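Undergrad: Okay, handing you the structure first.
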Amino acid sequence: MKTATAWFGRTHQGLRERAIRWITRRQRPEGRQLTLDRRCIYILPTRQGYTFAMVLVVMLLGAINYSNSMAFMLTFLLAALGANAMWHTHRNLLGLRITRQPATPVFAGQTAQFTYTVDNPSRVSRRGLLLEAPEQSPIEFAVNAREHTPVTLNLRARRRGVLRPGRLRLHTRYPLGLFRAWSWLNFDESVLVYPQPIPVEQTLSGDGEDTEPQTTRNRAGEEFTGVRAYAPGDSPRRLDWKALARTGDMYTKEFHELQGGQTWLDWEGLPAADMETRLSMLCHLVLEAHRKKLRFGLRMPGVEIEPATGERHRQRCLEQLACFALPAGESP
């Protein structure tokens, strides 16, 4: 019995996906913004709507059978009410402008947030809106006239790689629940999921073979340390022109940068056998090295990132860990 139920569920889901792909075959993935027009809004009666229609048919047959004017009037009045409800339901989505916001990378096991700004340029408030991701509970919201509302979807990042929210559905049953209007939102967006850090016993203070002692040296760096008297041969770009204008004497600006102990984070030196555990250990080491402001490089099969420091270097290493050995279809 369970096998038959599962087969029926898979078949139903497969047919549903095929139908959605056929209906939305002309809708290309949007870059950043999407405006809902009549071509991408669909509407059908709900279960209550079908029941309402059947009641109207019965009332109409009764009015014809008994030639009752009051029954005719009531039937046509309710039919007009239903037609107006259909128009209002469709208008509740028409003209909405949805803009996706940049998503922030997360680590495996955390929750990724995809934020969308829903803008209502009309003079009519939109109520009873629901935004729904696959296998997620819908989020209900409303947008006042000529205002916008941010809506955030929280998706669990179960494994490293690239997380895509997939095809979203924005739908509504407002105002009477007799009809349901919806539109598919298909944005070309994704977020990187870094490996889940796993602590590993490895010294990063500069005592290993692949490390260099921590030093401070003068050079053209990012940190300004002061000025000194000008010496022949100093670069004109380092002259303190304000001091020259103020005192008449020439001074040269000095800079230095603090370099942490240089170390290599090596794939081969990790006490693990499987790939995912090694990536998680390297992720932990990258975070630790960055926290200690060390100059560190990354060595993996087919990948070597030269030692450096800074936030961009940290991100570059984490991106390599997130995308390492991913199948072609799952690459960013």
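Undergrad: So, of the residues in region 309-332 that are among the hydrophobic types (A, V, I, L, M, F, W, C) and at pLDDT below 90, which turns out to be nearest to residue 269 (Cα to Cα)?
TA: 325
Undergrad: Considering region 255-294 alone, what residues qualify as being at pLDDT below 75 and buried (at least 18 other Cβ atoms within 10 Å of the Cβ)?
TA: If the condition is that a residue be at pLDDT below 75 and buried (at least 18 other Cβ atoms within 10 Å of the Cβ), then 259, 260, 261 are the ones that fit.
Undergrad: Looking only at region 136-145, how many residues end up being touching an Asp or Glu at 6+ places or on another chain (Cβ under 9 Å) and open to solvent by 40 Å² or more (accessible area, probe 1.4 Å)?
TA: Count: 2.
Undergrad: Which one of these is within 21 Å of residue 44 (Cα to Cα) and either modelled with pLDDT under 80 or crowded, with 17+ Cβ neighbours inside 10 Å (or both): 180, 219?
TA: Sole residue among the options that is within 21 Å of residue 44 (Cα to Cα) and either modelled with pLDDT under 80 or crowded, with 17+ Cβ neighbours inside 10 Å (or both): 180.
Undergrad: Select from region 42-58 the residues that are of a type outside the set (S, T, N, Q) and either open to solvent by 90 Å² or more (accessible area, probe 1.4 Å) or within 20 Å of residue 181 (Cα to Cα) (or both) and list them in ascending order.
TA: Of everything in region 42-58, those that are of a type outside the set (S, T, N, Q) and either open to solvent by 90 Å² or more (accessible area, probe 1.4 Å) or within 20 Å of residue 181 (Cα to Cα) (or both) turn out to be 42, 43, 44, 45, 47, 49, 50, 52, 53, 54, 58.
Undergrad: Another question, then. For region 1-41, how many residues meet the condition of being more than 21 Å from residue 189 (Cα to Cα), open to solvent by less than 100 Å² (accessible area, probe 1.4 Å) and not aliphatic (A, V, I, L, M)?
TA: Residues in region 1-41 being more than 21 Å from residue 189 (Cα to Cα), open to solvent by less than 100 Å² (accessible area, probe 1.4 Å) and not aliphatic (A, V, I, L, M): 7 in total.
Okay, residues lined up against (1) surrounded by 15 or more Cβ atoms within 10 Å (Cβ to Cβ); (2) more than 14 Å from residue 189 (Cβ to Cβ); (3) at pLDDT below 95; (4) among the small types (Gly, Ala, Ser):
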{"residue": "76", "(1), (2), (3), (4)": "no, yes, no, no"}
{"residue": "84", "(1), (2), (3), (4)": "no, yes, no, no"}
{"residue": "92", "(1), (2), (3), (4)": "yes, yes, no, no"}
{"residue": "104", "(1), (2), (3), (4)": "no, no, yes, no"}
{"residue": "123", "(1), (2), (3), (4)": "no, yes, yes, no"}
{"residue": "130", "(1), (2), (3), (4)": "yes, yes, no, no"}
{"residue": "134", "(1), (2), (3), (4)": "no, yes, yes, no"}
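Undergrad: Which ones in region 183-199 are over 12 Å from the mean Cα position of the chain (by Cα) and open to solvent by 20 Å² or more (accessible area, probe 1.4 Å)?
TA: 184, 186, 196, 197, 198, 199, listed by residue number.
Undergrad: Where in region 1-111 are the helices (runs of 4 or more DSSP H), entirely inside, with at least 2 residues that are in contact (Cβ under 8 Å) with a residue 24 or more places away in the chain and either of a type outside the set (Val, Ile, Thr) or closer than 30 Å to residue 276 by Cα (or both)?
TA: Hits in region 1-111: 47-66, 69-91.
Undergrad: Now for a separate question. Does at least one position in region 300-317 carry a residue that is in contact with a Cys (Cβ under 9 Å, 6 or more places away or on another chain), free of Cβ contacts under 8 Å to residues at least 60 places away in the same chain, assigned to a helix (DSSP H, G or I) and among the β-branched types (Val, Ile, Thr)?
TA: No: zero hits.
The values are calculated or read from the model by the stated rules, or taken from the named source; none is laboratory data. The structure displayed is predicted, hence computed values, not measured ones. All Cβ positions, even for glycine, are placed from backbone atoms using ideal geometry, and neighbour counts span all protein chains on display. Accessible surface is based on the protein model in full, side chains and every heavy atom, while ligands, DNA and RNA are left aside. Shrake-Rupley method; radii C 1.70, N 1.55, O 1.52, S 1.80 Å.
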